[in-house]
Amino acid sequence: MKTKLKPVKNAIPRVPATISAQPIIPLRERRLNFGNKWNFAPAPEDAKNYVIAPQHELFINGKFVAPRSGTYFESVNPATEQTLTTIAAANAEDVDGAVKAARKAYAQVWSKMPGRERGKYLYRIARIIQEKSRELAVLETMDGGKPIKESRDVDLPLVAAHFFYYAGWADKLKYAFPGKMPQPLGVAGQIIPWNFPLLMAAWKIAPALACGNTVVLKPAETTSITALRLAQVFQEAELPAGVVNVVTGAGGTGGALVNHPDVDKIAFTGSTQVGKLIASSVAERSGAGGRAPRLTLELGGKAANILFDDAPIDQAIEGVIAGIYFNQGHVCCAGSRLFVQEGIYSKVIKKLRDRIQTLRVGDPLDKNTDIGAINSRPQLEKIRGLVQSGVDEGAELTQTQCTLPAKGYWFAPSFLTGVTQAHRVASEEIFGPVLSVMTFRTPEEAFERANHIPYGLSAGVWTDKGSKIFKMVNQLRAGVVWANTYNKFDPASPFGGYKESGFGREGGLQGLAAYCRLD
Amino acid sequence: MHRLDVKKTYKLYIGGKFPRSESGRYLPAKSPAGVRLDNYAHASRKDFRDAVVAARAATGGWGKASAYNRGQVLYRAAEMLQSRASELVNEIARSTDVSAAQARREVTLSIDRLLYFAGWTDKYPQVFGSVNPVASSHFNFTTPEPTGVAVVLAPDQPSLLALLSLVAPVILSGNTAIVVASEKFPLPAATFAEILATSDLPGGVVNILTGKRAELVPHIATHMDVNAVVDGVGAPESSGTLQAGVATNLKRYANHSLATADWFTAKMEDPYWILDTVEFKTAWHPIGI
C-alpha cells in the first residue's frame, strides 16, 4: 500500500550509519537521539505454550456447537497476517437458538437464584480469569494486535476486577436503588467492539449477570477468540447452561440479535453510525406497537485533552502520549484532540516530537513494545485516509521514525499540527494513533471548542490550579473527565457518554441501572 | 344592561414572552358541552424551533444556577400556583370534563407536587451521585448534570397535573423544557404559563406550545438541538416517531405514559424520573504531590 504522506520535517534517523557521518546540528534544533543505544534485544512473550484450536464453534446453552449456518470465517493475527483459526459465523437461526437458551436459563435458573449464589459464580469466574490471565493476555495480543504489556497489565487485571466488583453487588442490589426493588430485565443482547475484546465482554457480562439477567454476547468478528476462551472459563466455573451464550459473526449476526423479538435489552459498544442504526431499528419496533428492548449505547468519541500553561509539562506530555497512543489509539475515549495554551505551544511540540521518537512500534508480543498492530486492514485504510485528508487540508504531519514490520497492519504514531476546527481530523474519530494539535488562549475558548462537536465521551485537563480544574470539569460536556491524568479505568468508576457518544453508564453503582427494572 | 365579557386569545409561551403563533393560526377551545370558550394559538414548526432556541439560550443560566437557587425558584413557583389556585380551578373546571371538586383536587395536588420536586434540586445529586473507591491512587467522583434541552409531551388528561409532574423532574436538575400541552384541553396549560411568567423562573426555562401534537412530533424527533424527549403520551404512532429521533442525534427518550388516575397517586412522585434527563459525569484526579 502506497501512501502519499509528506516527509516529516526535522526528522533525524534513529540509527545513524556512523557517529562521524552525522551532520553538525545547531543546538536549538537538536532533538532527542539515542542512536544505537535505543535498540533493545527482543523480549517476546512465549506464545507457544498456548494452543489455539484450528476451529471455533458457537457457545450456546453451555456447549460448543457447530453453527447451523455451516459457515466459518478466518481470524487473522494483525501483526503477521497469519490466520490464527476459523470462527463459526452465526446466522439468524443460530442467534435464535442462543436467545432461546438464554430465555430458558433466565426463566428456570438464573432469575430464581438468590443474589448471593449469583455473586459466588461471578467470584469463581473472576478467580479463574486471574489464574488464566497470562494465557488470555497472550491470546488477546495475538488476536487483536495490542502490546502484551497492555493486555497483561491493563486489560486482564481490569477484566478480573470487573467480575469481582459486580460479584459483590449481586446480593446488595436493593442498596443501589434507594426506595426501589430492582428486578432483572431478562435476556440481554450484548454487542462489543474489537479494541478491548475481553474487557468489553467483562463490562457487559458482569453487571448483567449480577442483576439476574442472562446474556447473548456477540463479539467483534476480528476478535472472537478470547470471548470463546471466556466461554470455557464459564464452563469451568460451572455456570448454568444458557446463562451466557456467545454467538460469533459479523454485522449480520449483530443485526439478528438486535432484531430478535425475545431480547429485553440491547447493550452496544461501537461506532456512532451503527449505534444510530440500532436505535432506529428499536424505534421501528416500538412504533409498530411491538415489544422493544431497552437500549444502552457506548459510542464514538473525539476527546479534547486540554493543556494549560501552568500544567506540570513533563507529566502532561506523558498523559498526552498515554491518552492518544494507548492501544494504538483504538480507544473510544482517546485524547485525540490536543488543545495547547498558546504560551507553551512551541515547548510542548518540541517535547512531543522528542517523546514520540522513543515509542517502540512492533511485535505486540514483545514486552518492550509500546505500539502494536492496527487491528485490521480496513481500520488501517481508514486511518490512512483520514491522516491523508489532514495533510491535504494543510496540516503538518510528524511521525515516529521507525521501521515498520513488512507483514501486518501498522501505522506509526503521528501527530498533526496546524489543524483548524474545520479540518476533518479535528472532528472525526480516527480511532488510530493520530493526534490533532490545536491551540487556545482562554479557558472559555478551550471548553467551548472542546464541546463544539457532537461527541462527548471524555476529556482531559492539565493544570496545577485546583479551581481551574473544577471549572473545566464543570464546563466540559463529557461523561469522563481526567484531570492531570488520562485513560484511567476502574470497575467502580462509571463510564459513558454525553450527546452522540451514547447513553447509559458502564461500571460503578450507576452501571447497574442498565440491567435493572425498578419497581 | 348586560355587560359583554372581554374574550382573550391564549398565546404561546416562548422565552418568557407570549407570542401568537408565527403562522398566524389559532384554534377554538370548546367546553366539554361544546360551548365555544376562547381561541388559543396553534403552534407551528417554526414556533417549536423558536422555542428550542429560547430553551437553549436559557440552559447557561439555569443549568449553572446553584441547586439552592433552583429550589428557591421552584418554591416560588409553587407559591404563585397557590395564590392563583382558584384561577386554575376555574380554568380546569370550565374547559375540561372534570367537576369543580376534581379540578380543585388536581390543582392542590399540583401545588404539593411542585413543592415536592422543588426540594429535590439539592438532594438528588447526593442520592444518585457517588464517590468511587477506585483501586489506583485517584480521587474519583460521579455527579449528575442536566442533559440540556428536553421536550415534554403532556397527555390530554389530567391537563395540568400531568404536565407539571412531567416538567418538574426535568427542570429541577437544570434542564430547560419545551412542553407540548394537552391537545384536547390546552387552556389550563396556557394559564399555567401565565402563572409561571410571574414567578421567578427565568424566561426560556419552560416554554409551552399549544396546538396539534401530530404536527410537531416529527420535527421534535429530528431537531438536532434537542437533547431529550419525555413522552407522557406514549401513543404508538407518536412514540415510534419520537424514538426514531434517538437515531438522529442520540436524544434520550423516556416514556412515561400513565392512566389518568395514576397521575393522582404517589407512584409518579418518583425521583428516578429525574435521571431520565441527566448525564452522569465522572471526574478523576491523582492523589499525590
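Every number here is computed from the coordinates shown, using simple stated rules; none is lab data. Model, not experiment: these values are computed from the prediction. All Cβ positions, even for glycine, are placed from backbone atoms using ideal geometry, and neighbour counts span all protein chains on display.
Mean projected area of the Cα convex hull of region A:384-519, taken over all directions, amounts to 11.5 nm². Dipole magnitude for region B:9-286: about 440 debye, using +1 per Lys or Arg Cβ and -1 per Asp or Glu Cβ, origin at the Cα centre.
Shape summary of region B:9-286, radius of gyration then Dmax from alpha carbon positions: 18.5, 71 Å. Neighbours of A:Gly343 by Cβ distance under 11 Å: Lys/Arg scored +1, Asp/Glu scored -1, total -1. Of the residues A:Ile278, A:Ala188, B:Ser159, the one whose Cα sits farthest toward the positive end of the charge dipole of the protein assembly as shown, with +1 on the Cβ of Lys and Arg and -1 on the Cβ of Asp and Glu, is B:Ser159.
Of all DSSP-defined beta bridges confined to the protein assembly as shown, some 40% are antiparallel rather than parallel. Remark: mean inter-chain Cβ contacts per residue of A:495-507 equal 4, using a 10 Å Cβ-Cβ cutoff to other protein chain atoms. Mind checking Rg over Rh on region A:188-340, alpha carbons, Kirkwood formula for Rh? So for region A:188-340, dividing Rg by the Kirkwood Rh gives 1.07.
Helix A:197-210 and the longest principal axis of the C-alpha atoms of chain A enclose an angle of approximately 40°. Here is the P(r) of region A:286-336: all C-alpha pair distances, binned every 5 Å from 0, give 4, 18, 17, 15, 11, 8, 7, 7, 6, 4, 3, 1 in whole percents. Rounded to two decimals, the Cα radius of gyration of region A:47-132 over 2.2 N^0.38 Å is 1.40. So how tilted is helix A:313-325 from the main axis of chain A? Cα-based, degrees 0 to 90, rounded to 10. It works out to around 50 degrees. When the dipole is taken about the Cα centre of the protein assembly as shown, and only Lys, Arg (+1) and Asp, Glu (-1) are charged at their Cβ, what size is it in debye, to the nearest 20? For this selection, approximately 580 debye. Only helices enter the 222 nm calculation for the protein assembly as shown: every DSSP H run of n ≥ 4 contributes -39,500 (n - 2.57), and dividing by all residues gives -11000 deg cm²/dmol, rounded to 500. For B:Lys7, the lysines whose Cα falls under 17 Å of its own Cα, not counting residues fewer than eight places away in the same chain, are B:Lys30. The Rg/Rh ratio of the protein assembly as shown, with both radii computed over alpha carbons and Rh defined as the Kirkwood radius, is 1.01. Placing unit charges on each Cβ (+1 for Lys and Arg, -1 for Asp and Glu) gives region B:9-286 a dipole about its Cα centre, and among B:Trp263, B:Ala181, B:Thr142 the Cα reaching farthest toward its positive end belongs to B:Ala181. Using only the Cα atoms of region B:214-263, each taken as one equal point scatterer with no solvent, compute I(q) by the Debye sum, divide by I(0), and report log10 of the ratio at q = 0.16 Å⁻¹. Rounded to two decimals, the profile gives -0.41. Compared with the dominant principal axis of the Cα atoms in chain B, helix B:45-64 is inclined by about 40°.
Name the residue from B:Leu88, A:Ile129, B:Trp120 whose Cα lies farthest towards the positive end of the charge dipole of the protein assembly as shown, charges +1 on Cβ of Lys and Arg and -1 on Cβ of Asp and Glu. Positive-most Cα among the choices belongs to B:Leu88.
I want the antiparallel fraction of DSSP beta bridges within chain B, as a percent rounded to 5.
Of all bridge pairs located within chain B, approximately 45 percent are antiparallel.
Between B:Asp231, B:Asp47, B:Asp200, the residue with the greatest mean-square fluctuation in the GNM of chain B (Cα pairs under 10 Å linked by springs) is B:Asp200.
Here region A:29-136 is assigned +1 on the Cβ of each Lys and Arg and -1 on the Cβ of each Asp and Glu. Its dipole about the Cα centre then comes out at about 720 debye.
Among the residues of A:464-474, the average count of other protein chain beta-carbon atoms within 10 Å of the residue beta-carbon is 2.
Remark: mean inter-chain Cβ contacts per residue of A:295-301 equal 1, using a 10 Å Cβ-Cβ cutoff to other protein chain atoms.
Bridgeable aspartates and glutamates around A:Lys350 (alpha carbons under 18 Å apart, same-chain partners fewer than 8 residues away excluded): A:Glu29, A:Asp309, A:Asp310, A:Asp314, A:Glu318, A:Glu342, A:Glu396.
In a shell of Cβ-Cβ distance under 12 Å around A:Lys172, excluding A:Lys172 itself, what net charge do Lys and Arg (+1) and Asp and Glu (-1) give? With Lys, Arg at +1 and Asp, Glu at -1, the neighbours total +2. Note on B:Thr260 and A:Arg116: with the Förster distance fixed at 35 Å, the Cβ-Cβ geometry gives a FRET efficiency of about 0.25.
Ratio of alpha-carbon Rg to the 2.2 N^0.38 Å globular estimate for region B:80-228, to two decimals, please.
So region B:80-228 has a normalised radius of gyration of 1.22.
Past 20 Å, Cα to Cα: identify those pairs from A:Lys488/B:Lys281; A:Lys499/B:Lys64; A:Lys120/A:Lys265; A:Lys218/A:Lys488; A:Lys104/A:Lys180; A:Lys100/A:Lys218, in the order given. Among A:Lys488/B:Lys281; A:Lys499/B:Lys64; A:Lys120/A:Lys265; A:Lys218/A:Lys488; A:Lys104/A:Lys180; A:Lys100/A:Lys218, the Cα-Cα distance tops 20 Å for A:Lys120/A:Lys265; A:Lys218/A:Lys488; A:Lys104/A:Lys180.
Using the Cβ-Cβ distance between B:Arg3 and B:Arg56 with R0 set to 51 Å, the FRET efficiency from 1/(1 + (r/R0)^6) comes to roughly 0.70. With the simple spin-label model, which puts each label point 7 Å out from Cα in the Cβ direction, the B:Thr248 to B:Asp97 separation comes to 3.3 nm.
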